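First comes the structure, then the notes that go with it.
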Amino acid sequence: MDAFSESAARGRDRDALMDTAFARLFELYQATTEAERGSPAGQNFNATLAELLVSGNNPVRLSLYVVRSQTAAEHGRHEGYRPACWRRSMIQILGDAFVPLDRFLRPIDLEALPRIDDALEAVAADASPATVEAVPAWVPETHWWWWEPARQRGEETPSHTRADSGTLDAVTD
């Protein structure tokens with residue numbers, strides 16, 4: 001909450017503030033269950049987060065995050081498919097586990113999500129993760145983009161039995 005609050009209030013360090021906010025949200029996602037996020041305390045958290053997401057500088061920062069996610073996806077074969085998958089997953093986790101995307105993303109940003117998905121699909125044949133095992137264990141199976149390179153190569157896509165390939169740093173990985 002503090003990271004999104006700071007992002008709403010500060011005028012500088014746009015990328016760093018949003019990356020930090022998403023990293024902290026990801027830590028919360030990993031540390032909680034769906035039941036905890038749906039509890040009264042979780043619902044209060046989500047309501048406060050929803051207010052923060054539409055306040056101050058956050059709408060602009062979130063829009064920039066979406067744009068940079070699309071750019072990362074479009075350049076996935078050259079600059080790294082994994083960071084593009086990370087960014088796309090963070091948007092989806094925020095929307096699925098905390099606050100529905102249509103409550104805080106601008107219409108133009110919502111319209112960009114299918115373009116991001118199309119870009120991920122388009123570059124997947126030339127992208128890594130090169131193997132199914134390279135996908136981190138925390139990735140929900142609904143985040144198909146992580147397995148798209150393997151699927152396009154005709155490899156079997158995983159179930160929940162995959163090994164944990166470690167954490168993913170939103171900034172340096």
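The values are calculated or read from the model by the stated rules, or taken from the named source; none is laboratory data. In this text, all values refer to a predicted model and were calculated from it rather than measured experimentally. Methodologically, a virtual Cβ is constructed for each residue, glycine included, from the backbone with ideal geometry; neighbour enumeration extends over all protein chains shown. Heavy atoms of the whole protein, side chains included, go into the accessibility calculation; ligands, DNA and RNA do not. Shrake-Rupley method; radii C 1.70, N 1.55, O 1.52, S 1.80 Å.
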Subject >> Approximate spin-label separation GLU141-ASP102, in nm, with each point projected 7 Å along Cα-to-Cβ >> reply: 2.7 nm
**OP:** Using every Cα-Cα pair within region 1-70, state what percent have a distance larger than 15 Å.
**Re:** 54 percent
**OP:** Roll a 1.4 Å probe over the protein chains and send me the accessible area per residue for region 72-137 in Å².
**Re:** 43 Å²
**OP:** Give the peptides 113-119, 73-79 in descending order of average Cβ contacts within 10 Å, highest first.
**Re:** 73-79, 113-119
Original post:
Over the Cα atoms of region 1-152, what is the Rg over Rh ratio if Rh follows Kirkwood?
Top reply: 0.97
Original post:
When the accessible area of region 1-148 is computed with all protein chains present and a 1.4 Å probe, what percentage of it is carbon and sulfur?
Top reply: 51 percent
